[in-house]
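This report refers to the structure that appears directly beneath it.
The values are calculated or read from the model by the stated rules, or taken from the named source; none is laboratory data. Treat the numbers as computed from the prediction; the structure is a model and nothing was measured. Here the Cβ is made from the backbone with ideal geometry for all residues, glycine too, and neighbour counts use every protein chain on show. For the accessible areas, the whole protein counts, side chains as well, though only heavy atoms, and no ligand, DNA or RNA atoms are used. Shrake-Rupley method; radii C 1.70, N 1.55, O 1.52, S 1.80 Å.
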Amino acid sequence: MDQSSNLIEFAFGLQFGVITLDQPMYSKQYDPFFQTHVTNSVLNLKGLAPWATRTRMAIGNASYWIFSSFTSKLSSQSFFFFKSSLTCCISVCQTKVTRNANMEKFRNGYLFPEIEKKKKAHMEKYPDAKVISLGVGDTTEPIPTIVTSAMAEHSLALSTPEGYKGYGDEQGNKSLRKAIADTIYGNMGIRENEVFISDGAQCDIARVQLMFGSNMTVTVQDPTFPVITLNQQAYVDSSIIMGQTGEVLEESGKYKGVEYMRCAPENLFFPDFSITPRTDIIFFCSPNNPTGQAASREQLQQLVDVAKRNGSIIVYDSAYASYISDDSPQSIYEIPGSKEVAIEISTFSKFAGFTGVRLGWTVVPDELLYSNGFPVLQDFDRIICTCFNGASSIAQAGGLACLSDEGHKAIRGVIDVYKENARILLDTFTSCGQEVYGGVNSPYLWVHFPGQKSWDIFSEILEKAHIITVPGCGFGPGGEGFIRVSSFNYKDCVLEACSRLRSFLG
């Protein structure tokens, strides 16, 4: 019998999951690793150990049955099958390594999977309904041909001896670094050696936190955007992993050790620093996700002044700067003195539709120093060289094309589509007498429903208009009573959504 082909799968109902034993080892020493304990009974898998070195499992309560490619072998083993709804506990090759205690601080559940779950239930209830998503902020317009052609050309060149290149500089393509310094930052005095190319802003936020270490204190805006894995702010998640926070406060959803700056309509979505304790790091996003508000020059000057007075470092997220159409600063470095206190993180994701391509950058000025006078730039360079092998050369070729005159013009055309969608949505909510913010310098609108709960608003709009939005409470305690509406969709879908919203709100 060819034992390398042996595969046993115990499928414990729809919720119970699968246990798979495969890849033979023929060694009796692994026997102790394969013990299965069932409540009130024992299912002894000890005899299977010689044919297994890897176990994949999922635990739950349900009835179970058995599939096998060698059922004849099963008859010689000591298997006992018990009735349904038993709880199964697996003990397999348990190490002596202690789990990172910081990971245990995370709360279960997350905003967007919960939205997807509700969407699925809604579509099962209304199978013929055309559900329109104005929820998750993912781009929908195709990337301009001039950009994809540059990536395709670079990719094809890799198949030739002349065009092939392996590892590049961890800090990024020098031409792209210079193009960002010259095109994005113009006369702000940013030099190419201060620009670090990455695979996206999300990753750089984590790298910056890794550089700062676990002893730093952190301030974040409330509300602010959640990370892809858990229902907490992206900045906070990195702080949790690094050990910069305490436990979560269940009643508020906030973490001990993190200061939350309330940003609400009554304070023009800008924090009151007179009541905000001093911290080492201030995370600040403008235009803000989810409120859609871009900080004014005066507000950012106040932010810089506070950082200088307190000896803090600002980590400035400018992911949506390209959507600004008034005189609001598009970079923190437009503010005098900011290079001494600020790091700026940005991305091609919403600027050029690179949400799937993955490309971003971080600026760390030479002037930014630690308390001992050591340049922060040198530490970030070390982090990049230690934890990152550099962004994809294909993606960087696309980034260079985006910053060419023709490419930048094409990209602006795509941004204008989303800005027009936002204008249509803004006009719709305004005409219906709704309290709404954003939508001018951002692809997001922040809509207020006083006296109502965010999830209730979400559910009612989905039920009656078949439209997906995002409950504001998912962005922090300050978002309760709001929903976020995204302009990332095709124009015909936005127009149809507006027609339904008028009927719903009217």
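Which number do you get for Rg(Cα) / (2.2 N^0.38 Å) in region 145-404? Each step should come with its number before you reach the end.
Values: Rg = 18.4 Å, N = 260, 2.2 N^0.38 = 18.2 Å.
So region 145-404 has a normalised radius of gyration of 1.01.
With a ≥ b ≥ c taken as the square roots of the eigenvalues of the C-alpha gyration tensor of region 380-481, please select rounded if a/c is under 1.5 and otherwise prolate if a/b is larger than b/c or oblate if it is not?
Judged from the Cα gyration tensor, region 380-481 comes out oblate (a/c at least 1.5, b/c at or above a/b).
Is the C-alpha gyration tensor of region 272-376 telling us rounded, prolate or oblate? Criteria: a/c under 1.5 is rounded; beyond that, a/b larger than b/c is prolate, otherwise oblate.
Cα axes put region 272-376 in the oblate bin.
I'd like the chymotrypsin sites (Phe, Trp or Tyr not before Pro) in region 311-402 restricted to DSSP loop residues with at most 13 other Cβ atoms within 10 Å, sorted by number.
Numbers: sites: Y316, Y320, Y323, Y333, F348, F351, F354, W361, Y370, F380, F388; in loops: Y320, F348, F354, Y370, F388.
Here the sparse-neighbourhood loop sites are Y370.
Could you pull the Cα extents of region 341-439 along its three principal axes, largest to smallest, in whole Å?
Extents along the principal axes, in whole Å: 56, 35, 24.
Kirkwood hydrodynamic radius of region 363-403 from all distinct Cα pairs, in Å?
Details: mean 1/r = 0.0824 Å⁻¹.
By the Kirkwood definition, the hydrodynamic radius is 12.1 Å.
Determine the relative contact order of region 145-404: mean sequence separation of Cα pairs under 8 Å and six or more apart, normalised by residue count, in whole percent.
Relative contact order here is 26 percent.
Over region 444-506, what lengths in whole Å, largest first, do the semi-axes of the equivalent ellipsoid take, defined as the square roots of 5 times the eigenvalues of the alpha-carbon gyration tensor?
For region 444-506, the semi-axes come out at 20, 13, 9 Å.
Per residue, how much accessible area does region 145-404 have with a 1.4 Å probe, in Å²?
Averaged over the residues of region 145-404, the accessible area is 40 Å².
Show log10 I(q)/I(0) for region 403-451 at q = 0.14, 0.28, 0.32 Å⁻¹, two decimals, from a solvent-free Debye sum over equal Cα scatterers.
Debye curve over Cα of region 403-451, log10 I(q)/I(0) at q = 0.14, 0.28, 0.32 Å⁻¹: -0.43, -0.97, -1.10.
Region 325-347 to region 431-506: how many Å between their Cα centroids?
Between the Cα centre of region 325-347 and that of region 431-506, the gap is 30 Å.
Just round it to a whole percent: the fraction of Cα-Cα distances in region 90-208 exceeding 24 Å.
63 percent
In region 145-404, carbon and sulfur make up what percent of the accessible area (probe 1.4 Å)?
Heavy-atom surface of region 145-404 belonging to carbon and sulfur, 1.4 Å probe: 51 percent.
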